[in-house]
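To keep things clear, I will list the structure first and then write my remarks on it.
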Amino acid sequence: MISPLFLHNTLSGKKEEFKTQSPEVGLYTCGPTVYNFAHIGNLRTYIFEDLLKRTLYYLGYPVKHVMNITDVGHLTGDMDMGEDKMESGAAREGRSAWELASFYTDAFKSDLKALNIMEPDIYCRATDYIKEQIALVSRLEEKGFTYKTSDGIYFDTSLVSDYNKLSHLPLEELQEGARVEKNLEKKNFTDFALWKFSPVGTKRQMEWDSPWGVGFPGWHIECSAMSLRLLSGQLDIHCGGVDHINIHHTNEIAQSEAATGERFFNYWLHGAFLIVPGGKKMAKSSGDFLTLENTFIAKNIDPLAYRFMLLQGHYRKPMEWRTDSALNALNGLESLRRRVSELKSETTGEGKLIEEFVLRFKAILSDDLNVPQALALVQEVLKSSADANDRLKTILSFDQVLGLDLSHSSGDSLEVGSLPEDIIKLLDARRVARDSKDFSESDRLREEIRVRGFLVEDTKEGVKISKV
Ligand code: AMP
Ligand code: ZN
């Protein structure tokens, strides 16, 4: 049974009931530009999208998820000026643009894995869909939406009456933003490149023949071409970070709807930024370049602590990153896992889902993914007087959405022989207490062991010890 879902749609500016067009929800999320590592701000957006996808699954919706990999055409300026990020990245690192793309795509996928982010059903690379992008530009040309300048084929935004329908900004304000990067040949400041010509006299590493000459696609056209191709008939939800609203997604909508004459995606969801103290968005340029590797993995901090930190805020609210954030997050996650592990040690067998809590969990998520409240519900389940087997089963079911790997205790199981003397003595005393069914004494001893830094779990295979 599918449960109702309400999502904040940037297009309408309101929370709306989600209605899918086909039995399988089409979900398109704008992926990375693979010229460098993702920073932890980027990863916030992918975690929000993962929570959305897992929520859809939990509520009973099958999902087809497509994510693009931008490996060409994203210029250093969002308004089609500056260098191609891939070509300049290749020059920086002394390898080919293709090698660069392959290296950073792998790095991106390994970040997703470390954060327990489900992979999309389809990854699509922009360079694998050049034919589709050229066809889409040709269609726009036939319909009279394009014009040519000395450096490319541009989309004439003045021909679209509702160009600002996603941003809800007055056109002058959108144009003001676009005016920063001067391109005097454009008819309107908001016009954007569909196809760029390779500069005369230079051979780019990535370039293709086209009806307009050798060149490469503009950044926005890839998402339109690939989503129209791969999610035809199921253009349900399109996501990205809030910085995509005014330019990238606005342009995707303008060109797709101009080409097809039909509405592009029905629901547009945008994740708020990870910000740095002072309120600015985290960016590759903001001081230290913070990656999952240098903030968590290299410091031996479980990367899922970052996921846990993000789950504590709503996806539409900015969240601040501070120097103590990683360790605070780790403490929070470990204390939650510890409590789950303690609960596990109280269980005697397979439990059943506690319906009242599951219904509340679904209701909380269906209110525009209220994940912080879902985390509070986990605490409530932990504290409830319901049967331990059922509580564990229910919490582990919630973890299908939370993705915190709660069924694992914080460390690997340790050999008793490798433990300090005092811990071995306490374990022996606890075994004696359990053998004589003195459970309050055995619980007290387990707590004493925990305070000294070790977790005790009673499993079917025997007692397991791990570091807190
Ligand atoms: P890019 O690789 O630059 O195309 O960015 C990948 C994704 O990260 C996009 O959806 C951006 O909107 C998003 N993004 C960029 N900076 C941040 C940030 N500081 N916080 C959250 N998301 C971000
Ligand atoms: Zn996109």
Let me check I've understood the local charge: for residue 43, count other residues with C-beta under 14 angstrom from its C-beta, Lys and Arg +1, Asp and Glu -1. What total comes out?
+2
With 10 Å bins from zero, work out the P(r) of the chain over every alpha carbon pair and list the percent per bin.
4, 18, 26, 23, 14, 8, 5, 2, 0
Using only helices, what value at 222 nm comes out for the chain when you add -39,500 (n - 2.57) per DSSP H run of length 4 or more and divide by the total residues, to the nearest 500 deg cm²/dmol?
-13000 deg cm²/dmol
Normalised by the residues of region 416-467, what does the relative contact order come to in percent, with Cα pairs under 8 Å and at least six apart?
24
Kirkwood Rh over Cα pairs of region 276-402 into Stokes-Einstein at 10 °C, 1.306 mPa s: D in µm²/s?
98
Which of 317/344; 143/196; 85/143; 15/113; 109/393 have a Cα-Cα distance over 23 Å?
317/344; 85/143; 15/113; 109/393
Kirkwood-Stokes translational diffusion coefficient of region 6-271, alpha-carbon pairs, 25 °C, 0.890 mPa s, µm²/s:
130
Quick one: net charge of residue 90's neighbours, Cβ under 12 Å, K/R +1, D/E -1?
-2
Please work out the Kirkwood hydrodynamic radius for region 92-221, using every pair of different C-alpha atoms, and report it in angstroms with one decimal place.
17.3
Relative contact order for region 6-271 using alpha-carbon pairs under 8 Å, separation at least 6, rounded to a whole percent?
26
Mind checking the dipole of the chain: about its Cα centre, +1 per Lys or Arg Cβ, -1 per Asp or Glu Cβ, Debye to the nearest 20?
440
Can you give me the span-like helices of the chain, meaning DSSP H runs with 20 Å or more of Cα extent along the axis and Kyte-Doolittle mean at or above -1.0?
40-58, 97-114, 325-346, 388-402, 421-435
Once the cut-off is 18 Å, how many percent of the Cα-Cα pairs in region 1-123 end up in the long-distance tail?
60
What do you get when you divide the Cα radius of gyration of region 54-131 by 2.2 N^0.38 Å, with N the number of residues?
1.35
Dimensions of region 416-467 along principal axes (Cα, Å, largest first)?
27, 22, 15
Which value, in Å², gives the accessible area per residue of the chain when a 1.4 Å probe is used on the protein heavy atoms?
44
Quick one: dipole size for region 43-117, taken about the Cα centre, charges +1 on Lys/Arg Cβ and -1 on Asp/Glu Cβ, in debye to the nearest 20.
520
Determine the share of region 416-467's accessible area contributed by carbon and sulfur atoms, expressed in whole percent, with a 1.4 angstrom probe.
53
Using only the Cα atoms of region 161-240, construct the convex hull and provide its projected area averaged over every direction, in square nanometres to one decimal.
7.9
Given the candidates 198, 213, 305, the one whose Cα lies deepest towards the positive end of the charge dipole of the chain, counting +1 at each Lys or Arg C-beta and -1 at each Asp or Glu C-beta, is 305
If I compute solvent accessible area with a 1.4 Å probe over the protein chains, what percent of it on region 276-402 is carbon and sulfur?
50
Leaving ligands, DNA and RNA out of it, report the carbon-plus-sulfur percent of the accessible area of region 48-120 at a 1.4 Å probe.
52
Residue 25's amide H: which non-local residues (gap 5+, or another chain) put their own amide H closer than 5 Å, with H modeled 1.01 Å from N in plane and none for Pro or chain starts?
63, 64
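The values are calculated or read from the model by the stated rules, or taken from the named source; none is laboratory data. Just so it is clear, the structure is predicted and the values come from calculations on it, not from any experiment. Neighbour counts run over all protein chains shown; Cβ positions are idealised from the backbone, glycine included. What goes into the accessible areas is simple: the full protein's heavy atoms, side chains included, and nothing from ligands, DNA or RNA. Shrake-Rupley method; radii C 1.70, N 1.55, O 1.52, S 1.80 Å.
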